[in-house]
Amino acid sequence: MDAMRAIQVTEFGGPEVLVATELPDPVAGPGEVVVEVAASDTLYVETQIRGGWGPQFGIEPPYVPGGAAAGTVLAVGDGVDPAWTGRRVVAGAGTRGTYAEQVAAPLDRLIPVPDGLGLREAAALAHDGVTGSGIAEAAGIRPGERVLILGAAGGMGTLLVQMARAAGARVVGAARGRRKLDLVRELGADAVVDYSEEGWIDRAREALGGAGADVLLDGVGGELGLAAFALTADGGRVSAHGASSGGFAAVDAGEAERRGITLRGIGEVQYGAADITRLSAKALAEAAAGRLRPVIAATFPLARAAEAHTAIEARAVAGKALLTVAPAA
């Protein structure tokens, strides 16, 4: 049986538990394809799963991390059109075990990569393009509205800044450190705020024109998310989808209701296969047309997955970190 290189977690712990190994090549079952991975997406939540959150996600060691990738179809299973073979695709969100040279992916999560878009760029959009497009769609951002984005320099935050800007909003991006703030401003934010500094709430309120945010897109959670919720205008819309601070913002649903604030949480961005493929295709098309730029801040060879997780946990990545696997990435 042929073997492939993969990263495996045999016990929960720090980045050092991400160990390179060899595993049998996957075989395409009915309704599946095997994808030769060019680049694998990484997410902050994967560091949390590896660190011990696994059981909350139904994951126990040993497991191969990763939930989406881009590459080329090597083989198809029963019931799958052979014409998929050789096509550049995204193995969409929900595909398990993508920290590997090959992965079996269900056909209903396969999205063709448009001509003119690189596989690394496609991989960078595999999760964040889906979630970001869904969040922006649900928020219904209108021209002239004030939008506050927490975690604006992250993989998804950088996309949300661009989407809100394209919708004609006044965008205030909040992040940590000068390098990240410069990136957020470069992507089109009208104002930036460093939430690691004292008094950031007052500066954010001023940047929002004193009237609060019509839309809050919270990719951080915790105390920062709770503080930002207080900046939301009555009748506003809030997406509390992030927990990179260690937990989701404990927003008072009763207060939100009293103030007429529409509150959406992490549950509203858990999409099924049909929405994943629709939203992914939308993000890939926007990127291929040059209207959306995934910010790839760092790439790590597959064998250095532990370094990628270390950088992500240290908040050292302004944009997206990818694992590169095949030279075609």
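The values are calculated or read from the model by the stated rules, or taken from the named source; none is laboratory data. Bear in mind the structure is a predicted one, so any value in this text is a computation, not a measurement. A quick note on method: Cβ atoms are made from the backbone with ideal geometry, for glycine too, and the neighbour counts reach across all protein chains shown.
Tell me whether region 262-272 contains one or more residues that are among the hydrophobic types (A, V, I, L, M, F, W, C) and touching a residue at least 60 places away in the same chain (Cβ under 8 Å). Spell out the reasoning first.
If we filter region 262-272 for residues that are among the hydrophobic types (A, V, I, L, M, F, W, C), which is where we start, we get 263, 266, 269.
Then drop every residue that is not touching a residue at least 60 places away in the same chain (Cβ under 8 Å), which leaves 269.
Scanning region 262-272 turns up at least one residue that is among the hydrophobic types (A, V, I, L, M, F, W, C) and touching a residue at least 60 places away in the same chain (Cβ under 8 Å).
Could you say whether any residue in region 289-311 is free of Cβ contacts under 8 Å to residues at least 40 places away in the same chain and acidic (Asp, Glu)? Before the answer, list the steps.
Applying the first criterion (free of Cβ contacts under 8 Å to residues at least 40 places away in the same chain) to region 289-311 yields 289-290, 297-298, 300-301, 304, 311.
With acidic (Asp, Glu) added as a condition, the list becomes none.
Checking region 289-311: not a single residue is free of Cβ contacts under 8 Å to residues at least 40 places away in the same chain and acidic (Asp, Glu).
Among (1) crowded, with 18+ Cβ neighbours inside 10 Å; (2) out of contact with any Ser or Thr (no Cβ under 9 Å at 6 or more places or on another chain); (3) free of Cβ contacts under 8 Å to residues at least 60 places away in the same chain, where does Val184 come up short?
Val184 satisfies every listed condition except (2).
Within region 107-122, identify whether any single residue is buried (at least 24 other Cβ atoms within 10 Å of the Cβ) and in contact with an Asp or Glu (Cβ under 7 Å, 6 or more places away or on another chain), and answer yes or no.
No, the conditions are met nowhere in region 107-122.
Run Gly236 past the list (1) closer than 17 Å to Asp41 by Cα; (2) touching an Asp or Glu at 6+ places or on another chain (Cβ under 7 Å) and report the number of the one that doesn't hold.
All conditions pass for Gly236, except number (1).
If you go through region 1-19, how many residues are in a strand (DSSP E or B) and over 24 Å from the mean Cα position of the chain (by Cα)?
So the count comes out to 3.
If we scan region 233-242, do we find a residue that is in the same structural domain as Ala136 (by TED's automatic domain parsing), touching a Phe, Trp or Tyr at 6+ places or on another chain (Cβ under 7 Å) and part of a strand (DSSP E or B)?
Of all residues in region 233-242, those in the same structural domain as Ala136 (by TED's automatic domain parsing) come to 233-242.
Remaining after also requiring touching a Phe, Trp or Tyr at 6+ places or on another chain (Cβ under 7 Å): 238, 240.
From what is left, the residues that are part of a strand (DSSP E or B) are 238, 240.
Yes, region 233-242 has at least one match.
Evaluate region 128-147: report whether one residue or more is closer than 28 Å to Arg304 by Cβ and part of a loop (DSSP other than H, G, I, E, B).
The first filter runs over region 128-147 and keeps only residues closer than 28 Å to Arg304 by Cβ, leaving 128-132.
From what is left, the residues that are part of a loop (DSSP other than H, G, I, E, B) are none.
No: region 128-147 contains no residue that is closer than 28 Å to Arg304 by Cβ and part of a loop (DSSP other than H, G, I, E, B).
Within the set of pairs 6+ apart or on separate chains, which have a first residue in region 198-212 that is in the same structural domain as Asp234 (by TED's automatic domain parsing) and closer than 14 Å to Arg146 by Cβ, a second that is part of a loop (DSSP other than H, G, I, E, B) and among the hydrophobic types (A, V, I, L, M, F, W, C), and C-beta atoms under 8 Å apart?
Ala204/Leu231; Arg205/Leu231; Leu208/Leu231; Gly212/Leu231
Considering only region 1-30, how many residues are touching a residue at least 40 places away in the same chain (Cβ under 8 Å) and surrounded by fewer than 14 Cβ atoms within 10 Å (Cβ to Cβ)?
Result for region 1-30: 5.
Glu286 fails exactly one of the following numbered conditions: (1) under 22 Å from Ala243 (Cβ atoms); (2) touching a Leu at 6+ places or on another chain (Cβ under 6 Å). What is the number of that condition?
Condition not satisfied by Glu286: (1).
Look through region 177-208, keep the residues that are touching a Lys or Arg at 6+ places or on another chain (Cβ under 6 Å) and not hydroxyl-bearing (Ser, Thr, Tyr), and return whichever of them is farthest from Leu226 (Cα to Cα). Break it down stepwise before answering.
Quick first cut of region 177-208, residues touching a Lys or Arg at 6+ places or on another chain (Cβ under 6 Å) only: 188, 190, 192-193, 196, 208.
Cutting the leftovers down to not hydroxyl-bearing (Ser, Thr, Tyr) gives us 188, 190, 192-193, 208.
Numbers: Gly188: 25, Asp190: 23, Val192: 19, Val193: 16, Leu208: 17 Å.
Selected residue: Gly188.
Quick one: is Gly94 in contact with a Ser or Thr (Cβ under 8 Å, 6 or more places away or on another chain), surrounded by 18 or more Cβ atoms within 10 Å (Cβ to Cβ) and more than 11 Å from Val33 (Cα to Cα)? Outline the logic, then answer.
Values: in contact with a Ser or Thr (Cβ under 8 Å, 6 or more places away or on another chain): no; surrounded by 18 or more Cβ atoms within 10 Å (Cβ to Cβ): yes; more than 11 Å from Val33 (Cα to Cα): yes.
In short, no.
Quick test of your reading of the structure: Ser239 fulfils all but one of (1) surrounded by fewer than 24 Cβ atoms within 10 Å (Cβ to Cβ); (2) within 30 Å of Gly92 (Cβ to Cβ); (3) among the polar types (S, T, N, Q). Name the failing condition by number.
(1)
In region 25-52, how many residues are at pLDDT below 95 and not β-branched (Val, Ile, Thr)? Quick ask: steps written out before the conclusion?
So the first thing to find is which residues in region 25-52 are at pLDDT below 95, and the list is 43-45, 48.
Among the residues that remain, those that are also not β-branched (Val, Ile, Thr) are: 43-44, 48.
The number of residues fulfilling the criteria is 3.
Just one of Leu263, Leu224 is buried (at least 19 other Cβ atoms within 10 Å of the Cβ), over 30 Å from Leu117 (Cβ atoms) and touching a Phe, Trp or Tyr at 6+ places or on another chain (Cβ under 6 Å); which is it?
Leu224
Looking at (1) closer than 27 Å to Ala126 by Cβ; (2) in the same structural domain as Thr158 (by TED's automatic domain parsing), can you tell me which one Val172 breaks?
Evaluating Val172 over (1) closer than 27 Å to Ala126 by Cβ; (2) in the same structural domain as Thr158 (by TED's automatic domain parsing) leaves (1) as the failure.
Is there a residue being touching a Gly at 6+ places or on another chain (Cβ under 6 Å) and closer than 26 Å to Ala318 by Cα anywhere in region 111-126?
In the first step, residues of region 111-126 are kept if they are touching a Gly at 6+ places or on another chain (Cβ under 6 Å); the result is 111.
Next, from what is left, pick out any that are closer than 26 Å to Ala318 by Cα: none.
Checked region 111-126: no residue is touching a Gly at 6+ places or on another chain (Cβ under 6 Å) and closer than 26 Å to Ala318 by Cα.
Within region 162-179, work out how many residues are crowded, with 24+ Cβ neighbours inside 10 Å and either farther than 21 Å from Asp202 by Cα or modelled with pLDDT under 95 (or both).
Count: 2.
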